[in-house]
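The values are calculated or read from the model by the stated rules, or taken from the named source; none is laboratory data. Quantities reported herein were computed from a predicted structural model and do not represent experimental measurements. Note that each Cβ is placed from the backbone with ideal geometry, even for glycine, and that neighbours are counted across all protein chains shown.
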Amino acid sequence: MQGGRGDAPRLAHRYPFAETADAWIPIGLSDPDGSVDGQGSDLDVALRTAVVNALEFLEQELGMDRAIAYAYLSAAADFTISQVVDRTVGVHGIIAKSHFA
């Protein structure tokens, strides 16, 4: 993958993913029918999905070890609520490209 050149990561074909000139943005969405597998809220589902998507991106696209990727996300990535206006809620992560330059 060539960041910033329009080449979508392979993972973007399996889940929502965005990219800007400065960041990779893995996205997690909740189930539109509500909580899944006893999760406390739809935002919990969306956040967990965004984190898993971010982990897979760092592992599969950037070649990071999963434990290192998890530590990176905990220390340096930001996750933000994307939408809460309908039954499907969303969370997106911001992975700064400058951290990998």
Answer residue from region 42-101, given it is among the aromatic types (Phe, Trp, Tyr) and over 10 Å from the mean Cα position of the chain (by Cα) and is modelled with the lowest pLDDT among those: 100
Flag if residue 9 is modelled with pLDDT under 95 and within 15 Å of residue 100 (Cβ to Cβ): yes
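Of all residues in region 72-89, count the ones that are over 18 Å from residue 31 (Cα atoms) and of a type in the set (D, E, K, R).
Residues meeting the conditions: 1.
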Pull up region 50-101, narrow it to residues that are hydroxyl-bearing (Ser, Thr, Tyr) and part of a strand (DSSP E or B), then point me to the one that is surrounded by the most Cβ atoms within 10 Å (Cβ to Cβ). 82
